[in-house]
1. It is to be established whether one or more residues within the range 64-75 are in contact with a helix residue (DSSP H, G or I) (Cβ under 7 Å, 6 or more places away or on another chain) and within 13 Å of residue 24 (Cβ to Cβ).
2. How many residues are assigned to a helix (DSSP H, G or I) and under 22 Å from residue 81 (Cβ atoms) when one looks only at the range 36-50?
3. Would you mind stating whether residue 53 is under 25 Å from residue 85 (Cα atoms), surrounded by 13 or more Cβ atoms within 10 Å (Cβ to Cβ), over 12 Å from the mean Cα position of the chain (by Cα) and in contact (Cβ under 8 Å) with a residue 12 or more places away in the chain?
4. Starting from residues that are touching a helix residue (DSSP H, G or I) at 6+ places or on another chain (Cβ under 8 Å) and free of Cβ contacts under 8 Å to residues at least 24 places away in the same chain, keep the ones in the range 37-49 and report whichever is surrounded by the fewest Cβ atoms within 10 Å (Cβ to Cβ).
5. Could you please tell me which pairs satisfy a Cβ distance under 6 Å, a separation of 6+ or placement on different chains, a first residue in the range 56-71 that is within 13 Å of residue 34 (Cα to Cα), and a second residue that is not in a helix (DSSP H, G or I)?
6. Please state which one of 22, 67 is in a helix (DSSP H, G or I) and modelled with pLDDT of 95 or more.
């Protein structure tokens, strides 16, 4: 079940049946891209730092701005971030 404060981040799925833990890459990516402090706190409480950093490293759907921010926060070199190197 998706907490109430996260529901607006998942506008393109049936929120009543969506299981964020069954789709961790999608869930983590959405929260990193669109979430606020409360959403990120939920994310960190429910997903490991290694799961989050893997999404930061490999998620092509992150904007350059979000990818740069999270890479800096998690100490990931820019060269390891797919979203910063894909031709868009």
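1. no
2. 6
3. The answer is no for residue 53.
4. 44
5. Listed by first residue and then by second, the contacts come to 67/81.
6. Just one listed residue meets the conditions, 67.
The values are calculated or read from the model by the stated rules, or taken from the named source; none is laboratory data. On a predicted model such as this, the values are computed, not experimentally measured, just so you know. No Cβ is skipped: glycine too gets one built from the backbone with ideal geometry, and neighbour counts run over all protein chains shown.
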